[in-house]
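Trainee: First, the structure itself, so that you have it in front of you.
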Amino acid sequence: MSAVGTHPDHRRLGLARAVCTAVLHAFADAGGHRAIVHSRGDAACPVPKRLYESTGFTAYTRTHAYVGRPTG
């Protein structure tokens, strides 16, 4: 899985929304019924959450990553 973003010089132009909308329409035209997005969208990075909610996605669950050192 890799991250996707918009270059800083091209943000706030509706490009990410246009891409998401086009992909979702193509997905539906191909018979897709449910799309799942794994985005960060936490309080420190709210833009993905706003983008996906504005295109009709709703939060279903959150994944939490735990990092630690091996013991032993």
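Trainee: Using a 1.4 Å probe over the heavy atoms of the protein chains, calculate the carbon and sulfur portion of the accessible area of the chain as a whole percent. Intermediate values should be presented prior to the final figure.
Mentor: On the way: 3910 of 6820 Å².
That share works out to 57 percent.
Trainee: Need the full-extension length gain, Ala65 to Val19, defined as separation in residues times 0.36 nm minus the C-alpha distance. One decimal, nm. The partial results should precede the final answer.
Mentor: Working: separation 46, 0.36 × 46 = 16.56 nm, distance 2.82 nm.
Full extension from Ala65 to Val19 adds 13.7 nm.
Trainee: Right, something else. Under 15 Å from the Cβ of Asp42, count the other residues' Cβ atoms, weight Lys and Arg +1, Asp and Glu -1, and hand me the total. Spell out each step's value before the answer.
Mentor: Numbers: positive: Arg40, Lys49, Arg50, Arg62; negative: Glu53.
Surrounding charge for Asp42 is +3.
Trainee: What number comes out for accessible area per residue over the chain if the probe is 1.4 Å? Units Å², please.
Mentor: That works out to 95 Å² per residue.
Trainee: Starting from the 7 Å offset along Cα-to-Cβ, what nm value, one decimal, do you get for the label separation of Asp42 and His7?
Mentor: Taking the two extended label points, one gets 3.0 nm.
Trainee: To continue, here is another question. How much length is gained on full extension from Asp29 to Thr58, taking 0.36 nm per residue of separation minus their Cα-Cα distance?
Mentor: This chain segment gains 8.3 nm when fully extended.
Trainee: Give me the net charge of Ala16's neighbourhood, meaning all other residues with Cβ under 15 Å from the Cβ of Ala16; Lys, Arg count +1, Asp, Glu -1.
Mentor: Net local charge, Ala16 excluded: +4.
Trainee: To the nearest whole percent, what portion of all C-alpha pairs in the chain is separated by more than 16 angstrom? Mind dumping the intermediate values first?
Mentor: Details: 1526 of 2556 pairs.
So the pairs more than 16 Å apart make up 60 percent of the total in the chain.
The values are calculated or read from the model by the stated rules, or taken from the named source; none is laboratory data. All figures in this text were calculated on a predicted structure; none of them were measured in a lab. All Cβ positions, glycine included, derive from the backbone under ideal geometry; neighbour counts span all protein chains shown. Accessible surface areas use protein heavy atoms only, side chains included; no ligands, DNA or RNA. Shrake-Rupley method; radii C 1.70, N 1.55, O 1.52, S 1.80 Å.
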